[in-house]
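Structure first, then comments.
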Amino acid sequence: MKQLFFTIAYVLVLGGSLQAELRVQDICRVQGQEENTLQGIGWVVGLKGTGDGDFKPTVRSLAQALKGLGGNPSIDVQGRISEKEFSSTKNVAMVWVVAKIPAAGAIQGDRISCTVSAVHAKSLEGGNLMLTHMLGPRADQSITFALANGPVTLDDPKIPTTGRVANGCKMEQSVLNPFVKDNKITLVLDPTHSSFTSSQLVAEKINSYKKDGGLGGQSSTSPSRSNTASQKLASAIDQNHVVVQVPEIYQTVPVEFISEILNLPLINIANQKRVYIHERDEVVIIGEDVTIAPVAVSFGSISISPKGGNGPPKSFQELQFKLDSSQPKLKNLVDGLNVLSVPTRDVISIIKAIYKQGNLYGELVIE
């Protein structure tokens, strides 16, 4: 069984020079800068007999498409298109097409990649995506934002029903995400740093704008900047969001203001006390600041006792794990368990038991 070993690198920071490399943009994003999804239904043609065959939705859609493109399908006695002619189309597959527009948006003429997934076919290998109308994520708004077509490439031959068309989606309309509303921007903290303390620290750092009349300690003799310096620009709304007022002098150039905001250094940002466990792969990642209460743990022949336990140690193991702090770090405990070659799965069980008892001071994430 795999064993768990940690290598911790400690860096002494003098004057905060290295910590200053952490900036607002490392833990925040600007609201409005999110991915958008386009989707559509199309056909992949040119397959080697691995298509849909007599799959009814494909048969009906092909018959309608042939008529719409000026073809001459057969008509039955009731005036309806005869679908029997398309009942053995094994070289055609109906597919679901999805394209992700980047957070920065896309303008008319841009090309992005898209993925295609078979609805019924066995394989899309060697196929070519026919021209497909790509709509927005809302079904009630049938607006064609892009057109997709091109040869399908399989990313994984073991999954022949899913492929990709590289740069096969051409934008027909621009999709731009607004990031300024009422001359305000909203910073969103990423989940790993989301907390009331972190959002308040970000707000306070931005409000230090008024200290020298500029962001990041950049002094300025401009009267307009001096007036701006007296304003409180940022307010922490909750543990996830910080609302920032765009100063008047930046309202015509908000990108310049946002760039300065995102580049502000964060020296005293609090680290999240978190333990991450991936049980299947037996991976454990422990934050340096995660502590535990002085606890006594018995595991097989191993005895773990807190400092001040009654009596002398009863074994070498107990002496090895004698905790020398009123609030020991979880990392030290796990390091000791590794010295004794305790299996990783058992280390995980001990951590979970300590957390369940309420003696682990931090967040436990298990996947």
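A few points about this structure:
- In plain terms, the chain from residue 232 to residue 293 could stretch by 17.9 nm, reckoned as 0.36 nm per residue minus the Cα-Cα distance.
- Using a cut-off of 28 Å between Cα atoms, the listed pairs 329/356; 100/158; 331/356; 273/356; 90/158; 100/232 include 100/232 as exceeding that distance.
- Residues 180, 202, 339 arranged by fewest to most Cβ contacts within 10 Å: 339, 180, 202
- Among 162, 291, a tally of other beta-carbon atoms within 10 Å of each Cβ gives an order, fewest to most, of 162, 291.
- Virtual paramagnetic centre 7 Å along Cα→Cβ of residue 110, amide N under 13 Å, in the range 141-181: 146, 169-178
- Relative exposure of 96, 43, judged by other C-beta atoms within 10 Å (fewest first): 96, 43
- Gain upon complete extension [residue 281, residue 248; 0.36 nm per residue less C-alpha separation]: 6.6 nm
Each reported figure results from applying straightforward, stated rules to the coordinates on display, with no laboratory input. Source: prediction; values computed, not measured. Positions of Cβ are backbone-derived with ideal geometry, glycine not excepted, and every protein chain shown enters the neighbour counts.
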